[in-house]
Each structure stands twice: as structure tokens, then as C-alpha cells.
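The values are calculated or read from the model by the stated rules, or taken from the named source; none is laboratory data. Just so you know, these numbers come straight off a predicted model, no measurement behind them. Cβ placement follows ideal geometry from the backbone for every residue including glycine, while neighbour counts extend to all protein chains displayed.
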């Protein structure tokens, strides 16, 4: 409805295409070989892999073709600042870590388990950031 498209990439093009078909209109599935072709037009890049997570290799992706000011979102939250996000910031892109996703998923789980809906606030985010940093030096 808003002229927005989502390009979903996966190591296996067939899996990406099947997921895209399941999710509905405006979503196209591709193999990872399409990433270089898609990046120059992307307003947002979302990494949903474990690459970049602590004890995992970084996501090897050239951000050079991305538009100035594009957003790079990494669902990884340990470390808070992944190699991908550091490289995005260095290029003037907008880096977003996965902590917000974790917090908002936690709200729903907490509500279901305890019948109370906590509010995600800057203080709650800071508390979790401090906890992650304390428990994972270098993160």
C-alpha cells in the first residue's frame, strides 16, 4: 500500500522465496548472491543472522554501496556494537542494535507470564546495557 518492498535474502534462494510467499505481497525472496545488487537501493539493512554475535565471525558484507543515511539494524545484542554496526557508523549510516527488539519481545513475554505489562524506558535500556557490558567484557 505504501510502495514499500522487502527483499529477503538467505543462503538458499528457495527458502527465501518460500518465506516471502508465506509472508505476502511486497516481499521478494533472493539468494545471498543478490545482496550486492540490492544494497544500493536499500533504505534499511537488517541482519537477522548470528554472525557478529559474541564468539561468532563478523558478517562479511560491503556496506559501501548503501545510500548515505541508510539504517543498518543488527538484531545481535551481545556485543551491543557489532563489527557491522561499527562499520555502518564509520560510513555515516545509522546503526541500530538489537537491544530494542530484545526489550520489546521481553515485554510480551513478561505480560504473558506475570499479567503485568512493563514499559520500555531509557532507564530500562540503560540497565540492560550495563548488565550486558558487565557480564561480557568487550561487548
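Scan (1) in contact with a strand residue (DSSP E or B) (Cβ under 8 Å, 6 or more places away or on another chain); (2) under 21 Å from residue 5 (Cα atoms); (3) outside the structural domain of residue 11 (by TED's automatic domain parsing) for the single condition residue 85 breaks and write down its number.
Every condition holds for residue 85 apart from (2).
Of these, 68, 137, 79, which one is touching a residue at least 40 places away in the same chain (Cβ under 8 Å), in a loop (DSSP other than H, G, I, E, B) and out of contact with any helix residue (DSSP H, G or I) (no Cβ under 6 Å at 6 or more places or on another chain)?
On inspection, the qualifying residue turns out to be 79.
Filter the stretch 6-60 down to the residues that are in a loop (DSSP other than H, G, I, E, B) and more than 20 Å from residue 75 (Cα to Cα) and list them by number.
12, 24, 25, 26, listed by residue number.
Quick one: would you say residue 103 is touching a strand residue (DSSP E or B) at 6+ places or on another chain (Cβ under 9 Å), touching a residue at least 12 places away in the same chain (Cβ under 8 Å) and under 23 Å from residue 45 (Cα atoms)?
Against the criterion (touching a strand residue (DSSP E or B) at 6+ places or on another chain (Cβ under 9 Å), touching a residue at least 12 places away in the same chain (Cβ under 8 Å) and under 23 Å from residue 45 (Cα atoms)), residue 103 does not qualify.
So, in the stretch 32-54, of the ones that are over 23 Å from residue 3 (Cα atoms) and under 18 Å from the mean Cα position of the chain (by Cα), which residue ends up surrounded by the most Cβ atoms within 10 Å (Cβ to Cβ)?
Ranking the qualifying residues of the stretch 32-54, first place goes to 52.
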